[in-house]
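Chemist: Encoded as structure tokens, here's the structure I'll be asking about.
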Amino acid sequence: EMDDDGFRDQASKAIVEFGKVRKNDPNLARFLALLGYVSIDAKGEGGWKELRKRMRDGMVHAFYFSVAPSLFGDLAERLHSHGIADVDSRIVVEKPFGRDLESARALNRILAQHFDEHQIYRIDHYLGKETVQNLMAVRFANILFEPLWNAQYVDHIQITVAETVDVGGRGGYYDKSGAMRDMVQNHLMQLLCLIAMEPPARFEPDSVRDEKLKVIRALDPVDYHHIVRGQYDADDDQPGYRAHVENPRSTTESFVAMKCHISNWRWAGTPFYLRTGKKLRARASEIAVVFKDAPHSIFGPEAGTHRNVLAIRLQPNEGMTLGVTIKEPGPGGMRLVDVPLDMSFAEALQNAASSTVGELRNAEQISAQALQGKADVRDVTDAVMNAQQNLQAAIAIRDKIVTAFLEISRMQI
Ligand code: BG6
């Protein structure tokens, strides 16, 4: 339970800490005056009349459902029955959008009873990240990489989203989802699509989503021998996964890694390794494009093998490193050594892309785009559900990877 002042206080502290805004900045006070807090009962009547009173007419309202999907229907219904939502309102929902294709369809039907398709924003907050949006620029605004961006030159690609946080406090939700549904089918899939897709003719939401869908359709079913899953254990004074989710027999994974193949002309033969987990040693989201060995070494076998690696760091320390091979200076002949061509966005852009600002932009962009009716942060599910006809692709998204995963999830962690 909280009141307006408590909420404003909490927001103020967060903005000062993460937004690098001064406490006495007059804009902060003006912004805080716009905030209010109403507690509502999603399944009952409590709080709704108060919420209605707070809504100002003539404004576009966006409702961000940051709650369990089982409550989406109740919320949508009450927003209407209390006259809070109107034809200009939008609702924003995040993953997991159902557990599988069938439950995603059921959820869709519930939302469609109360909102038109153009009012529903199924979003992926990763698409609001500056560094994720930057993947498009790196690939399609530079001529340097694209000619090499294919199976002929790329040995494999690794997509890693490693987190140090545990699931404490979100155990109820997380234990039903696991790393697979919490991270892979949404965030890692978006990264995979951005890295693997063909250039769209224009940078427009529909064209970009069409190209992403093609990648998903070309994904091979994942062989379950190519999936590894696990749970973090207790260490020292910290509880382990099962204690966090209060389920001593849980077999839900907090870590998953897998090898995927994309069967199309560009990528046939180049594996994509995806991995993500909670409570890992370091927080690091990174895409590593590992190029093939040079076809022939003029320096002979004693020079060893060397590979160029393009590492794109999404967070923290956003930037890119290209590993290049050079001659190790000094006498003694031609010894080769790998060195990094390193760029940090914060340094290159004078801090404009520092982590915290990036995180804020992330939330800002999503809210702003929903309010303005733009669609850059809509996820691929949205495209599929939007089109309502592309069931093959929907099956691909939800089930191609998850099917193999289900086989393995019956096995012991
Ligand atoms: C969320 C997941 O979608 O993304 C969380 O539910 C995860 O489990 C989070 O920690 C990661 O997002 P970010 O923006 O902190 O990298």
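The values are calculated or read from the model by the stated rules, or taken from the named source; none is laboratory data. Note that the structure is a prediction, hence the values are computed from the model and not measured. Quick reminder, even Gly has a Cβ in these numbers, built from the backbone with ideal geometry, and neighbours come from all protein chains shown. SASA here: full protein model, heavy atoms, side chains in, ligands and nucleic acids out. Shrake-Rupley method; radii C 1.70, N 1.55, O 1.52, S 1.80 Å.
Chemist: Tell me, what is the 1.4 Å probe accessible area of THR325, in Å² to the nearest 10?
Modeler: 50 Å²
Chemist: What lysines could a cross-link reach from LYS53, if we take a straight Cα to Cα line under 26 Å and drop same-chain neighbours fewer than 8 places away?
Modeler: Leaving aside lysines fewer than 8 places away in the same chain, those within reach of LYS53 are LYS43.
Chemist: So, one more: Could you compute Rg(Cα) / (2.2 N^0.38 Å) for segment 260-305, with N its residue count?
Modeler: Numbers: Rg = 16.2 Å, N = 46, 2.2 N^0.38 = 9.4 Å.
It is 1.72.
Chemist: Jot down the radius of gyration and Dmax of segment 31-91, Cα atoms only, both in angstrom.
Modeler: For segment 31-91, the Cα-based Rg and Dmax read 11.6, 32 Å.
Chemist: Work out the P(r) tail for segment 195-279: percent of alpha carbon pairs separated by more than 15 Å, whole number. Intermediate values should be presented prior to the final figure.
Modeler: On the way: 2432 of 3570 pairs.
Of the Cα pairs, 68 percent sit more than 15 Å apart.
Chemist: If the convex hull of the alpha-carbon atoms of segment 95-215 is projected onto planes in all directions, what is the mean projected area in square nanometres? Walk me through the intermediate numbers first.
Modeler: Details: hull surface 39.6 nm².
With every direction weighted equally, the projected area is 9.9 nm².
Chemist: Now a separate question. Compute the separation of the alpha-carbon centres of segment 1-61 and segment 76-153 and state it in Å as a whole number.
Modeler: Comparing the Cα centres of segment 1-61 and segment 76-153, I get a distance of 25 Å.
Chemist: Ok, one more. Enumerate the calculated ³J(HN,Hα) couplings along segment 222-227 in order (Karplus 6.51 cos²θ - 1.76 cosθ + 1.60, θ = phi - 60°), each rounded to whole Hz, writing x wherever the residue is Gly or Pro.
Modeler: Coupling constants for segment 222-227: 7, 5, 5, 6, 9, 10 Hz.
Chemist: Please state the relative contact order of segment 150-305 as a whole percent: Cα pairs under 8 Å, 6+ residues apart? Walk me through the numbers on the way to the answer.
Modeler: Values: 245 pairs, mean separation 68.4, N = 156.
Relative CO of segment 150-305 lands at 44 percent.
Chemist: Under the rule a/c < 1.5 gives rounded, and otherwise a/b versus b/c splits prolate from oblate, where does segment 161-213 land using the Cα gyration tensor? Spell out each step's value before the answer.
Modeler: Details: a/c = 3.65, a/b = 2.87, b/c = 1.27.
Cα axes put segment 161-213 in the prolate bin.
Chemist: Next question, about the same structure. Which loop-located GluC sites (Glu not before Pro) does segment 236-307 contain, where loop means any DSSP state but H, G, I, E or B and the Cβ has at most 13 other Cβ atoms within 10 Å?
Modeler: Details: sites: GLU246, GLU253, GLU286, GLU302; in loops: GLU246, GLU253.
Taking segment 236-307 and a limit of 13 other Cβ atoms within 10 Å, the loop GluC sites (Glu not before Pro) found are GLU246.
Chemist: Rounded to whole Å and ordered largest first, report the semi-axes of the equivalent ellipsoid of segment 287-351 derived from its Cα gyration tensor (root of 5λ).
Modeler: On the way: eigenvalues 167, 43, 8 Å².
Whole-Å semi-axes of the equivalent ellipsoid: 29, 15, 6.
Chemist: Using only Cα atoms, what is the ratio of the radius of gyration of segment 119-176 to 2.2 N^0.38 Å?
Modeler: Working: Rg = 17.2 Å, N = 58, 2.2 N^0.38 = 10.3 Å.
Scaled against compact globular proteins, the figure is 1.68.
Chemist: I need the phi-derived Karplus couplings for segment 327-344: 6.51 cos²θ - 1.76 cosθ + 1.60, θ = phi - 60°, integer Hz, Gly and Pro marked x.
Modeler: So the Karplus estimates, Gly and Pro as x, are 7, 6, x, x, x, x, x, 8, 9, 9, 9, 8, 10, x, 8, 10, 9, 9 Hz.
Chemist: Rounded to whole Å and sorted largest first, list the principal axis extents of the Cα atoms in segment 11-159.
Modeler: Computed over segment 11-159, the largest-to-smallest principal extents equal 62, 51, 25 Å.
Chemist: Also, I was wondering about something else. How large is the dipole of segment 18-164 about the Cα centre if only Lys and Arg carry +1 and Asp and Glu carry -1, each at its Cβ, rounded to the nearest 20 debye? Mind dumping the intermediate values first?
Modeler: Values: 19 positive and 19 negative charges, 126 e Å.
Computed charge dipole of segment 18-164: roughly 600 debye.
Chemist: Leaving out ligands, DNA and RNA but keeping every protein chain, what accessible area does HIS296 have, in Å² rounded to the nearest 10, with a 1.4 Å probe?
Modeler: HIS296 exposes around 130 Å² with every protein chain in place.
Chemist: Moving to a separate point now. Would you kindly derive the ³J(HN,Hα) couplings of segment 182-197 from the backbone phi angles with the Karplus curve 6.51 cos²θ - 1.76 cosθ + 1.60 (θ = phi - 60°), listing them in order in whole Hz, with x for Gly and Pro?
Modeler: So the J values, rounded to whole Hz, are 6, 10, 6, 5, 10, 5, 5, 5, 4, 5, 4, 4, 5, 6, 9, 6.
Chemist: Ignoring ligands and nucleic acids, what accessible area does ASP57 show with a 1.4 Å probe (Å², nearest 10)?
Modeler: About 120 Å², rounded to the nearest 10.
Chemist: Under 5 Å between amide hydrogens, which residues at least 5 positions from VAL222 or on another chain qualify, with H placed 1.01 Å from N in the peptide plane?
Modeler: ALA404
Chemist: Identify, among VAL289, GLY323, PRO340, the residue whose Cα sits farthest towards the positive end of the charge dipole of segment 264-345, taking +1 on the Cβ of Lys and Arg and -1 on the Cβ of Asp and Glu, with the dipole about the Cα centre.
Modeler: VAL289
Chemist: Taking the alpha-carbon distance from LYS259 and a cut-off under 24 Å, which lysines remain once sequence neighbours fewer than 8 residues away in the same chain are dropped?
Modeler: LYS95, LYS176, LYS212, LYS214, LYS278, LYS279, LYS292, LYS400
Chemist: Hey, can you grab everything whose amide H is under 5 Å from the amide H of ALA162? Only 5+ residues off in sequence or another chain; H modelled, so Pro and N-termini drop out.
Modeler: ALA284, SER285, GLU286
Chemist: Next question. Rank-order 72-79, 200-207 by packing density, defined as the average count of other C-beta atoms within 10 Å over each peptide's residues, highest first.
Modeler: Numbers: 72-79: 18.9, 200-207: 13.0.
Peptide ranking by packing, descending: 72-79, 200-207.
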